[in-house]
1. Residues that are among the hydroxyl-bearing types (Ser, Thr, Tyr), modelled with pLDDT under 95, touching a helix residue (DSSP H, G or I) at 6+ places or on another chain (Cβ under 7 Å) and buried (at least 18 other Cβ atoms within 10 Å of the Cβ): does the range 222-238 have at least one?
2. Please find, within the range 52-86, the residue that is farthest from the chain's Cα centre (by Cα) out of those that are at positive phi and outside any helix (DSSP H, G or I).
3. Does residue 93 qualify as being within 16 Å of residue 39 (Cα to Cα), over 16 Å from the mean Cα position of the chain (by Cα) and either touching a residue at least 24 places away in the same chain (Cβ under 8 Å) or assigned to a strand (DSSP E or B) (or both)?
4. Please go through (1) modelled with pLDDT under 95; (2) in contact with a Pro (Cβ under 6 Å, 6 or more places away or on another chain) for residue 322 and return the number of the only condition it doesn't satisfy.
5. From the list 148, 130, pick out the single residue that is hydrophobic (A, V, I, L, M, F, W, C) and farther than 23 Å from residue 305 by Cα.
6. Taking only the range 203-220 into account, find how many residues are without any contact (Cβ under 8 Å) to a residue 60 or more places away in the chain and within 21 Å of the chain's Cα centre (by Cα).
7. Condition first: touching a Lys or Arg at 6+ places or on another chain (Cβ under 9 Å) and open to solvent by 30 Å² or more (accessible area, probe 1.4 Å). Now tell me which residues in the range 293-325 satisfy that.
8. Go through (1) out of contact with any helix residue (DSSP H, G or I) (no Cβ under 7 Å at 6 or more places or on another chain); (2) modelled with pLDDT of 95 or more; (3) assigned to a loop (DSSP other than H, G, I, E, B) and name the single condition residue 33 misses.
Amino acid sequence: MHINTTQVRWPHSLIAMVVSAFVCCHVVPLHAQSYPIKPIRLVVPFGPGGPTDVSARILAQIVQSALGQSVVIENRPGAGGALGSKSVATAEPDGYTLLIGTSATLGVVPALMKNPGYDPIKSFAPVAKVADSTLVLVAPATFPAGSVKDFVAHAKTNPGKLSYASAGVGNQTQLLAELFKSKAGIDVVHVPYKSGAEMVTAILGGQAQMAFPDVSILIPLVREGKLQALAVTSAKRHPQLPDVPTMTESGIPDFIMTFWSGVVAPAGTASDIVNKLNAAIDDGLRSAAIRDSLAKVGSEAAPGSPQDFADFISTETKKWSAVAKLSGISLD
C-alpha cells in the first residue's frame, strides 16, 4: 500500500543559505588512521528540498569537514521512506553507507506495517541523533477557537462536523490527530491530502479546521496571522513561538511527539567507525553556526552518544506502536 509522507519542499536559495552558514564555521578535523578512505554515501529516504534533506546537507558538511572525505547525498524516496531505509539496512556494514533516519521511518512506518523490509532496532547501528523539530496544532485564522481548550469545547458541541487535514493516510500527521482525538474525546473527520503543502493550504483556506504540520513551514504564517497556532507537540515551548503553549500545558496529558532525525548505519558496523562518526557529528552539532543553521528551519540540534540515540529509538518505536494501536490504523 502506498504511504504518503511527502515533505514540504524548501527553495534552493534557502537550502544554499543554510548549508553555506556551516562553511564559514571551523570544525576541528579528526585525523582518521584508516576510515574513511573513500566517499561516504548518505541516503535520504525522501525527495530533495524537504526538512530531512536540508538536515542531511548540513550533516554532510559536518562529516566532510571533520573526516576529510566527501559525503555524497542520495535521495531515495518511496513507500513513506521505507524504500531508502531498506536499502541501507541491507548494505555492507563498512561505514560507507549511512541513513538519515527519522521519526517517520524508524517510528511510524514500522508501527503501521508488519514488514516494511527492515527492523528499526535490529537492522541498524545508531550513530547520532541530529535534530528535533516540533509539530504544531493549527487552525484557520478565522476559526472561533483560540486555544486547545476552546477547540475541544467547539468540537464537542459539533461532533462529526469538523475535519482535520493530514499529509496522507499513515502519515505522522494523521497519527498525531488521531491521538489528540482519543485523548480529548472528540469526533473530527479525517481528510487526507497528498503532501504537507496541500495539508497546510487546506487549513489556510478553511477546508479543514485543524492539522499538525511541522513547525518549519509555519513560523511566518503564524506571525503574519494567516494561521492560529494552538499548541506545540514538544516537551517545551518552541523558541520562535514562545507564546504558543505545549499540548501538555493545554490540558492534553502525555502528548509529547516530535519530528526528529538522526544517522544510522547498517547493523554490524564496527563500533570504532560508529564512534568516529559520532564524534564528528557531535562536535559539529555543538557549534553555534550549526545550531543557527538548524534553527533557520525550525529545528534544534540534539547531540549525544550512540547509546543515547539507541535508547531514544527504542522509546520512540514503543511510543508510535502504542499510538498506532490506539488509532486502529494499519497499512498491511
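The values are calculated or read from the model by the stated rules, or taken from the named source; none is laboratory data. Just so we're clear, the structure is a prediction, and the values are computed from it rather than from any experiment. Glycine also receives a Cβ, built like all others from the backbone with ideal geometry; neighbour counts cover every protein chain displayed. Note: accessible area is taken over every heavy atom of the protein model, side chains too, but ligands, DNA and RNA are not part of it. Shrake-Rupley method; radii C 1.70, N 1.55, O 1.52, S 1.80 Å.
1. So far as the range 222-238 goes, no, none of its residues is among the hydroxyl-bearing types (Ser, Thr, Tyr), modelled with pLDDT under 95, touching a helix residue (DSSP H, G or I) at 6+ places or on another chain (Cβ under 7 Å) and buried (at least 18 other Cβ atoms within 10 Å of the Cβ).
2. Once the filter is applied, the top-ranked residue is 68.
3. Details: within 16 Å of residue 39 (Cα to Cα): yes; over 16 Å from the mean Cα position of the chain (by Cα): yes; either touching a residue at least 24 places away in the same chain (Cβ under 8 Å) or assigned to a strand (DSSP E or B) (or both): yes.
In short, yes.
4. Unmet condition: (2).
5. Result: 148 is the single residue among 148, 130 that is hydrophobic (A, V, I, L, M, F, W, C) and farther than 23 Å from residue 305 by Cα.
6. The qualifying residues number 1.
7. Let us first name the residues in the range 293-325 that are touching a Lys or Arg at 6+ places or on another chain (Cβ under 9 Å), namely 300-304, 308-309, 312-313.
300, 303, 308, 312, listed by residue number.
8. Residue 33 satisfies all of (1) out of contact with any helix residue (DSSP H, G or I) (no Cβ under 7 Å at 6 or more places or on another chain); (2) modelled with pLDDT of 95 or more; (3) assigned to a loop (DSSP other than H, G, I, E, B) except (2).
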